[in-house]
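Working notes, structure below.
What follows draws every value from the coordinates through simple rules; no lab data is involved. Keep in mind that what you see is a predicted model, and the values were worked out from it rather than measured. Here the Cβ is made from the backbone with ideal geometry for all residues, glycine too, and neighbour counts use every protein chain on show.
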Amino acid sequence: MNALPFDFTGRHVFVAGGSSGINFGIAQGFARAGANVSIISRSADKVASAVAQLQAGGAHAFGTPADVRQPEAVQQALQAAADRFGPIDVLVSGAAGNFLASALDLSPNAFKTVVDIDLMGSFHVARFAHPHLRQPGACVIQISASQAFTPTPFQAHVCAAKAGVDMLTQVLAMEWGPQGIRVNSIVPGPIADTEGLKRLAPTEDTLAAMAQRVPLRRLGRTEDIARMAMLLASDWGSYITGAIIPVDGGLALTGPRDFSAAAAASKRERA
Ligand code: COA
Ligand code: NAP
């Protein structure tokens with residue numbers, strides 16, 4: 001990122017699922033703008049490497065492994081982060097799992113796994129972060145997906161989970177608004193070089209077709225999402241709450257995508 005219009009010096013930003021991809025990009029954006037950054041994800045190695053990268057960039061960073069499906073682990077991680085950097089100014093909730101599979105190819109546990117990570121995980125993070133959120137002034141950002149409002153074949157599990165995430169965003173915005181806590185969802189478009197996009201567009205052809213479908217005719221960058229997160233968390237976003245905000249080059253306007261070829265390839269790979 002070049003010029004930095006935002007200054008988060010001394011602010012505490014906690015990113016669930018912050019060890020890679022879009023969420024790590026958000027962590028980096030805030031770190032470069034002066035924030036103290038805490039991250040969690042399942043893999044101790046990924047967390048250690050992400051924290052080392054943030055620190056190498058000059059940031060105060062803290063991380064601990066935790067699975068968002070486990071409420072006690074989430075509670076402990078949030079407590080450890082608050083002990084380290086104080087009240088949380090910005091909470092980013094972006095832990096998620098995805099794979100392509102038709103509803104009939106989803107076992108009950110496959111469906112449940114994604115709902116547990118995306119939806120239950122977002123609930124656990126928000127619910128147990130609440131005592132640590134700065135009041136008034138905290139900003140909660142949930143990382144959603146267009147599957148929340150676009151019925152998408154081969155994504156029944158993700159559609160159900162992310163729709164729940166966006167509804168949680170809106171309900172929490174109403175319940176926590178009087179306490180001066182804002183809650184919004186960012187809906188990223190297809191972001192280059194991320195695990196999520198790799199799973200939905202696994203070949204060069206499917207990737208090129210995806211970029212061609214975006215009205216702005218390019219894939220997104222993690223910086224695109226980090227900038228929206230910083231805007232929302234800054235004074236410029238101080239009257240925005242309960243919003244579901246696509247940052248996707250217009251992709252959500254184009255309706256359901258056809259993942260049948262990619263799903264068939266991924267099914268062959270698993271067989
Ligand atoms: N198609 C159908 N079912 C699948 C699947 C696929 N491609 N991948 C996993 N599953 C099923 C498993 O078979 C299992 O069901 P079963 O117990 O009935 O056999 C269930 O999903 C859970 O899989 P498991 O590997 O035990 O879960 P996990 O908790 O270790 O991992 C995932 C969670 C499956 C979401 C894994 O892909 C992951 O860790 N993802 C994180 C990274 C990611 O998805 N990034 C993109 C974010 S958008
Ligand atoms: P990613 O790099 O795989 O990010 C997911 C992060 O969540 C990882 O850091 C992962 O680390 C962590 N995570 C997964 N399961 C977890 C669990 N149970 N508990 C704690 N942490 C967990 O993928 P990404 O593509 O950048 O996706 C990030 C977010 O953007 C997701 O919410 C996704 O739905 C959303 N999104 C992505 C795109 C895209 O184009 N990529 C588009 C729309 C929306 P560990 O493996 O260490 O747990």
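Please count, across the chain, the pairs of lysine residues with Cα atoms under 21 Å apart that sit 8 or more places apart or on different chains.
5
Dipole magnitude of region 194-239 about its Cα centre, charges +1 at Lys/Arg Cβ and -1 at Asp/Glu Cβ only, in debye to the nearest 20?
The calculation lands at about 140 debye.
FRET efficiency for residue 217 and residue 260, Cβ-Cβ distance as r, R0 = 22 Å, nearest 0.05? Write down the numbers at each step before the final one.
Values: r = 23 Å, r/R0 = 1.06.
Plugging the Cβ-Cβ distance into 1/(1 + (r/R0)^6) gives 0.40.
At 7 Å along the Cα-to-beta-carbon direction for both residue 102 and residue 238, put a label point, then send me their distance in nm to one decimal.
5.4 nm
Can you give the percent of C-alpha pairs in region 110-182 whose distance is more than 13 Å?
Every Cα pair in region 110-182 considered, those over 13 Å come to 65 percent.
Counting other Cβ atoms within 10 Å of each Cβ, which chymotrypsin sites (Phe, Trp or Tyr not before Pro) in region 199-261 have at most 10 and sit in a DSSP loop?
239
Calculate the translational D of region 20-69 in whole µm² s⁻¹ from Stokes-Einstein, where the hydrodynamic radius comes from the Kirkwood formula applied to all Cα pairs, the temperature is 4 °C and the viscosity 1.567 mPa s.
Approximately 122 µm²/s, per Stokes-Einstein.
When the Kirkwood radius is taken over all Cα pairs of the chain, what Stokes-Einstein diffusion coefficient follows at 20 °C and 1.002 mPa s, in µm²/s?
So the translational diffusion coefficient is about 115 µm²/s.
Let me spell out the model: positive unit charges on the Cβ of Lys and Arg, negative unit charges on the Cβ of Asp and Glu, origin at the Cα centre of region 156-271. What dipole size does that give, in debye rounded to 20?
300 debye
At what distance in nm do the modelled label points of residue 179 and residue 49 sit from each other, each positioned 7 Å from its Cα along Cα→Cβ?
3.6 nm
Give me the net charge for the shell around residue 101: Cβ to Cβ below 10 angstrom, other residues only, Lys and Arg +1, Asp and Glu -1.
+1
Would you mind getting me the FRET efficiency between residue 60 and residue 167? Use the beta-carbon distance for r and R0 = 22 Å, nearest 0.05.
For residue 60 and residue 167, the calculated efficiency is 0.05.
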